[in-house]
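Chemist: Sharing a structure below in structure tokens format, with a few things to ask.
The values are calculated or read from the model by the stated rules, or taken from the named source; none is laboratory data. All figures in this text were calculated on a predicted structure; none of them were measured in a lab. In this analysis, Cβ positions are derived from the backbone assuming ideal geometry, glycine residues included, and neighbour counts consider all displayed protein chains.
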Ligand SMILES: Nc1ncnc2c1ncn2[C@@H]1O[C@H](COP(=O)(O)OP(=O)(O)OP(=O)(O)O)[C@@H](O)[C@H]1O
Ligand SMILES: [Mg+2]
């Protein structure tokens, strides 16, 4: 069996005294999409943010346990979070392009890393926008502001911005929930296509989305990982009553 690329081990996360994740252990596998589902407040975003150390910025957050990536705990003091976030990129619910051109949005991470060669940047822009399925729509307006794009286009530019830094893992926190169904469908197709090269962790409220594009699904409730298995298993034959109630819409 393929070895996991990322292993969350006994992770607990607190905001001050409030426990948001309770001893969660979950393995993520390469070239898969793992969906994280569960009602509001169940800890899905907390887990996602912990995976690229976003909690570091919040003095109220404390965390116990480990997250191993490439066999090393990302919470070890030796981890450089800038390097980590190059390898583990994140896409948020609200498309958040920077107020600059489409081109500059995509090369942002590369510029931060000191890359100046125009040819290298041009190639990265084209390649990333193609992979994010938005090249054809923007190739003639690369030097226009990204803010002028539709929400769905902005979100695909945000995906391209993450891809430009050549990540291994992409974390997506409800990336389609602010979009109309057609734009959401385009993002879904894009993500499905990206599986070949990347590993993705996708928080979603849409049971249809989870069952359509994910390989595995984890169900969270009140900070506990209640069930984690192949998506088919979770949706067709859930082991826990809470999982069944949630996916059939009885609560949440
Ligand atoms: N910055 C924060 N400060 C304090 N408490 C927080 C913070 N972020 C989340 N929490 C709390 O931690 C728990 C888990 O929240 P989290 O955002 O991880 O849930 P979620 O499953 O992503 O919910 P949603 O579906 O609404 O996005 C909740 O009780 C929430 O109120
Ligand atoms: Mg959330």
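Chemist: Which is touching a strand residue (DSSP E or B) at 6+ places or on another chain (Cβ under 6 Å), modelled with pLDDT under 95, under 30 Å from residue 207 (Cβ atoms) and within 10 Å of ligand 1 (Cβ to nearest atom), of 55, 43? Write out each step before concluding.
Modeler: On the way: 43 fails: modelled with pLDDT under 95.
Just one listed residue meets the conditions, 55.
Each row is one residue, and each column tells you yes or no for (1) closer than 27 Å to residue 208 by Cβ; (2) touching a residue at least 40 places away in the same chain (Cβ under 8 Å); (3) within 16 Å of ligand 1 (Cβ to nearest atom); (4) in contact with a strand residue (DSSP E or B) (Cβ under 7 Å, 6 or more places away or on another chain).
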site	(1), (2), (3), (4)
136	yes, no, no, no
151	yes, yes, no, no
156	yes, no, no, no
159	yes, yes, no, yes
165	no, yes, no, yes
169	yes, yes, no, yes
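Chemist: Among the residues of segment 138-147, how many are surrounded by fewer than 21 Cβ atoms within 10 Å (Cβ to Cβ) and outside any loop (DSSP other than H, G, I, E, B)?
Modeler: From segment 138-147, those surrounded by fewer than 21 Cβ atoms within 10 Å (Cβ to Cβ) are 139-145, 147; that's our starting set.
Then keep just the ones that are outside any loop (DSSP other than H, G, I, E, B); that gives 145, 147.
Qualifying residue count for the region: 2.
Chemist: Tally up the residues in segment 232-246 that are in contact with a strand residue (DSSP E or B) (Cβ under 9 Å, 6 or more places away or on another chain) and under 12 Å from residue 221 (Cα atoms), please.
Modeler: Adding up the residues that qualify gives 4.
Chemist: Next up: Evaluate the following for residue 140: is it under 17 Å from residue 51 (Cβ atoms) and free of Cβ contacts under 8 Å to residues at least 12 places away in the same chain? It would help to see each step written out before you state the result.
Modeler: Numbers: under 17 Å from residue 51 (Cβ atoms): no; free of Cβ contacts under 8 Å to residues at least 12 places away in the same chain: yes.
When the stated conditions are applied, residue 140 does not pass them.
Chemist: Conditions first: (1) on the phi < 0 side of the Ramachandran plot; (2) within 16 Å of ligand 1 (Cβ to nearest atom); (3) within 14 Å of the chain's Cα centre (by Cα). Residue 88 passes all but one, so which condition is the exception?
Modeler: So residue 88 meets the others, but not (2).
Chemist: In addition: Return the residues of segment 58-73 that are surrounded by fewer than 19 Cβ atoms within 10 Å (Cβ to Cβ) and either within 10 Å of ligand 1 (Cβ to nearest atom) or closer than 12 Å to residue 12 by Cα (or both); say none if nothing qualifies. Let's see the steps before the verdict.
Modeler: Going residue by residue through segment 58-73, those that are surrounded by fewer than 19 Cβ atoms within 10 Å (Cβ to Cβ) are 58-66, 68, 70-73.
Correct list: 58, 60, 61, 62, 63, 64, 65, 66.
Chemist: To continue, here is another question. Residue 93 - would you say it is on the phi < 0 side of the Ramachandran plot and within 15 Å of ligand 1 (Cβ to nearest atom)?
Modeler: On the way: on the phi < 0 side of the Ramachandran plot: yes; within 15 Å of ligand 1 (Cβ to nearest atom): yes.
Yes.
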